[in-house]
Amino acid sequence: MAGVEIDGLVKRFGAVTALDGVTLSLPDGAYAVIVGRSGCGKSTLLRLLAGLEDATAGTIHIGGTDVTGLPPKRRDVAMVFQSYALYPHMTVFENMAFGLRLRDGRRDKATITARVREAACMLHLEDLLDRRPAALSGGQRQRVAIGRAVVRDPAVLLLDEPLSNLDAGLRLSVRRELAALHRRLGTTMVHVTHDQTEAMTLADVMVLMEAGRVVQAGPPLDLYTRPATPFVARFLGTPPMNLLPAVVAEDGTAVPLGGGGRIPLPAVTLAPGSAVEVGVRPEAMTACPPEAGHLAGTVQLVEHLGESVLWHVDVGLAEPVVARLGPDATIRAGDRTGLAWAADATHVFQDGSRLADADLPGRSAQVCPSCGH
Amino acid sequence: MIARIAFALAVVLIVAVSIGPLGYAVVTSLETGSALFTPGLWPDAPTVANYAAVFAEQPFARNILNSILVAGGVVVLSLALAVTAAYALARVEFRGRGLLLGTVLSVSMFPQVAVLSGMFLLIRSLGLYNSLPGLGLSYLMLTLPFTVWMLTTFVRQIPKDLEEAAIMDGAGPLTIIGRVFLPVLWPALVSTGLLAFIVAWNEFLFALTFTLTAETRTVPVAIALISGASAHELPWGRIMAASVIVTVPMVVLVLVFQRWIVSGLTAGAVKG
Amino acid sequence: MALVLLCVAAWPLGRTIWLGFTDASLAGAGDAAFIGWENYYAVFGGQAFGVLADPQWWRSVGNTLVFTVASVSLETVLGVLVALVLHQRFPGRAWVRAAVLVPWAIPTVVSAKMWAWMLNDQFGVVNAALEGMGLIDAPLAWTADPLLSMVAVIGVDVWKTTPFMALLVLAALEMLPRDIYEAARVDGIHPVRVFFRVTLPLIRPALVVAIVFRTLDALRVFDLVYVLTANSPATMTMSVYARRELIDFQSAGTGSAAATLVFLIIALAAALILTAGRLRGREAGP
């Protein structure tokens with residue numbers, strides 16, 4: 001078991017810079033999820049941790065040891081591949097024992113067998129040990145790939161998009177199993193995914209990457225409630241946060257560019273006339289009469305999701321504003337409505353970074369503050 | 001209904017044309033004397049005299065052994081060379097890789113006769129004229145290009161993750177090749193090797209040119225050179241017996257490994 | 001691997017080309033002298049010598065072309081037909097597929113001998129059958145008559161190599177998605193039309209590759225012709241000609257010159273086909 005310290009890590013492939021100075025500290029036993037769009041460098045970071053690629057610059061420490069120049073087998077890390085990469089000619093047992101046999105050739109057979117059985121038991125693979133990968137279902141293969149990695153009891157367990165080849169139902173159950181596995185082993189785990197739900201649900205530490213850099217790292221809820229940049233704000237949450245360019249007015253509110261409305265700002269001091277970007281999560285909004293709303297407009301589209309309803313409201317800007325309301329909110333497309341929210345639910349960004357760290361915004365204001373609905 | 005009958009006829013025709021000649025060769029090989037010269041579909045008095053004669057009148061057993069040795073040696077040598085080459089061509093990035101692969105493929109289009117005199121000098125200067133190693137060496141020109149090509153295609157189909165998984169498991173290059181790569185590549189090696197074997201087994205021009213004595217001949221040459229008392233009296237019964245002897249193992253081999261051969265051919269040709 | 005190929009392919013080829021410019025004989029090639037183009041073409045006392053002045057060479061080039069065009073086109077048509085039949089589902093299909101492979105598995109020399117026997121003018125089963133059916137009055141000299149021997153050589157080659165063609169086409173057919181045919185059936189298109197408008201364009205890439213392979217292969221044909229009709233001028237191909245000069249006449253110089261020409265012609269053919277394919281591909285491109 002060991003923490004991971006990454007300092008100023010750079011990786012270039014010819015003229016392409018995949019990692020552009022990544023600095024990151026993961027405490028011992030953390031479940032870190034690295035999340036980002038494809039091509040953001042998250043897989044490269046994982047491969048550098050594994051030792052499958054060499055760093056152009058920067059250092060990696062695992063458990064206090066500098067492993068930057070070490071080959072994979074001397075790093076005490078194990079990896080679960082996206083494609084599982086099971087050895088097709090070996091049984092499940094042999095797949096899991098392969099690494100043990102290579103590493104500790106002297107170790108007696110009984111110990112190896114015992115460890116494979118233990119891992120197999122943990123992952124419910126006892127009955128499949130004699131099968132070949134071709135005879136397994138996708139979920140079973142995934143568990144074997146995990147088993148092959150954990151059986152060696154590595155200091156750090158790396159997982160590259162481990163759930164992306166599974167169907168939706170299976171993804172849910174393997175996700176739960178991963179969480180349980182982490183609780184049980186306590187190993188430091190680094191999990192790469194493009195799926196924000198996976199990241200939100202599994203991570204102790206969530207690392208959001210963009211263009212080869214870490215944009216924000218921390219507990220998932222921190223990233224959700226206090227996104228450091230507009231990118232983070234839009235990346236997390238479905239539907240994503242509404243972001244509007246605006247100008248600060250004399251009365252301390254903000255006026256969206258190119259549209260009407262007054263957006264309440266949290267307790268921040270901004271000179272009138274400053275250009276800002278304001279963000280509101282759809283679920284922070286409530287409906288009210290048009291004249292009472294911070295924003296008002298015509299409902300273009302109503303989407304019923306069962307537990308909630310999405311309103312797409314044209315407030316005169318390029319993009320409609322999306323609000324998530326309770327299931328009993330009734331409205332028809334074409335109707336006019338106002339939208340309101342608590343001032344501390346407004347996220348304010350200036351020059352691409354978060355300005356106000358007001359109190360936790362959220363659903364505290366379920367009642368329209370102006371009209372009392 | 002008419003379409004069905006026509007279809008059935010087509011199938012029957014295809015089968016008859018395909019295996020008829022071989023069947024007739026078998027029939028002929030079982031006949032001797034005058035029975036041979038009355039065309040008929042069934043031997044009246046089947047005899048194995050021709051088969052005995054093939055082995056009695058020339059070192060045919062030796063010829064068969066030669067063919068097996070040369071073809072087997074060529075298979076082992078070309079697979080060993082081709083696996084390493086295919087690994088490099090499929091996995092290692094280097095400049096001119098496409099060009100090299102193209103050149104290799106173009107060698108398989110070389111007309112044999114174009115290298116005949118040069119190869120003759122090469123073999124003679126190595127002191128291998130009229131010997132099996134010399135013949136085997138010349139066959140590498142025929143087998144290497146397509147074995148390299150086919151194996152490169154197969155190696156490319158092996159996911160890179162598999163190697164990396166082995167690296168993560170702590171395997172060194174030798175362990176990866178021996179315990180991961182070769183076992184995964186096994187079916188490809190069988191089909192490629194089989195095709196190389198067939199090429200070497202069937203080859204005629206080099207075998208005819210680079211051997212001199214009956215003891216070093218391979219089977220195709222031996223069969224082509226079976227002759228009777230005079231040029232106009234070919235011992236057809238014996239020729240057919242010899243033909244059946246060398247063909248039956250080939251046919252059995254091809255039929256048993258049918259699926260693999262087809263996958264090998266298409267990997268080499270279609271996907272190229 | 002590259003080194004071995006250099007030794008067994010490039011070096012011999014280079015030696016052959018060099019020998020083509022010398023007066024060497026294989027018996028004592030050590031003391032060969034450079035004689036320039038004389039093996040190809042030279043005039044002594046008003047008479048032309050050299051490969052290019054030998055009518056038999058030009059005849060063998062013609063023979064090779066006739067053989068290549070005829071056998072490759074027949075093989076292609078038959079191969080596609082056989083593949084279409086084998087692509088259908090019917091009882092015993094696996095056995096029929098296996099049977100089709102038989103001619104391909106038989107060594108060329110053996111198939112040449114087998115056919116030589118069946119086509120034997122006096123005792124051959126082919127003549128007997130044709131006479132029995134009343135198609136001919138007198139036995140035909142299949143392997144001796146100039147015209148018939150060419151027909152025989154082509155016929156045997158088609159018999160032997162059609163399976164290869166059929167296999168490749170069949171593999172291509174099996175990769176085609178089934179829903180295309182279901183769509184065509186729903187649209188009520190006639191099967192023959194479906195073949196020409198849907199199947200053929202889709203298997204064309206595989207077919208072209210197979211034809212290229214077979215063409216380049218047919219241009220260098222040797223063993224079939226040599227065993228079936230020996231050095232008969234009526235069927236002599238370029239490879240047979242070069243080998244006769246080289247071995248039977250012990251003339252390494254002219255033989256090598258002829259061999260070099262064979263190489264050049266095949267290289268030229270390959271280049272032409274590739275260029276044509278590339279131009280076609282560009283036309284067909286988006």
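No lab work stands behind these numbers, since they all come straight from the coordinates. These figures come from a predicted structure and were not determined experimentally. Neighbour counts are summed over all protein chains in view; Cβ atoms, including those assigned to glycine, are modelled from backbone coordinates with ideal geometry.
Data table
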item: Estimated distance in nm for a label pair at A:Asp127 and C:Arg185, the labels positioned 7 Å out from Cα along Cα-to-Cβ; result: 3.9
item: Rounded to 10°, Cα long-axis angle of helix B:60-91 versus longest principal axis of chain B; result: 20
item: Amide hydrogen neighbours beyond the local backbone of A:Gln82, cut-off 5 Å, H modeled; result: A:Asp160
item: Amide H contacts of A:Arg213 (H built 1.01 Å from N, under 5 Å, at least 5 apart or other chain); result: A:Asp20
item: Angstrom value of the Kirkwood radius, inverse mean 1/r, which spans all Cα pairs in chain B; result: 21.5
item: Angle in degrees between helix B:97-107 and the longest Cα principal axis of chain B, rounded to the nearest 10; result: 10
item: Net +/- balance of residues flanking A:His194 in space, Cβ distance below 14 Å, scoring K and R +1, D and E -1; result: -2
item: Ranked list, fewest to most other Cβ atoms within 10 Å of each Cβ, for C:Ile266, B:Ile158; result: B:Ile158, C:Ile266
item: Gyration tensor (alpha-carbon) shape descriptor, the stretch C:50-281, a/c threshold 1.5; result: oblate
item: Prolate/oblate/rounded call for the stretch A:59-190, Cα gyration tensor, a/c under 1.5 rounded; result: oblate
item: Whole-Hz ³J(HN,Hα) from phi, Karplus 6.51 cos²θ - 1.76 cosθ + 1.60, for the stretch B:217-223, glycine and proline x; result: 5, 9, 4, x, 5, 4, 5
item: Amide H within-cut-off set for A:Leu52, under 5 Å, with H built and near neighbours excluded; result: none
item: Efficiency of FRET from Cβ geometry, A:Ser83 and A:Asp167, R₀ 22 Å, rounded to 0.05; result: 0.90
item: Residues C:Glu174 and B:Met1, FRET efficiency given R0 of 30 Å [Cβ-Cβ distance, rounded to 0.05]; result: 0.60
item: The stretch A:35-47 - phi-based ³J(HN,Hα) in whole Hz, Karplus 6.51/-1.76/1.60, Gly and Pro as x; result: 10, x, 6, 5, x, 7, x, 5, 5, 4, 4, 5, 5
item: Exposure proxy ranking, count of Cβ atoms within 10 Å, fewest first, for B:Val155, B:Val70, B:Val148; result: B:Val155, B:Val70, B:Val148
item: Neighbour-count order for B:Ser243, A:Ser164, B:Ser108, fewest beta carbons within 10 angstrom listed first; result: A:Ser164, B:Ser108, B:Ser243
item: The protein assembly as shown shape via C-alpha gyration tensor axes, a/c threshold 1.5; result: prolate
item: Chain A - percent relative contact order, Cα under 8 Å, separation 6 or more; result: 15
item: Between 0 and 90°, nearest 10: helix B:236-256 axis offset from chain B longest Cα axis; result: 30
item: Distance in nm between pseudo-label sites at B:Leu255 and B:Glu57 (7 Å out along the Cβ direction from Cα); result: 2.9
item: Simple spin-label estimate for A:Asp54 and C:Leu268 in nanometres, 7 Å along Cα-Cβ; result: 5.1
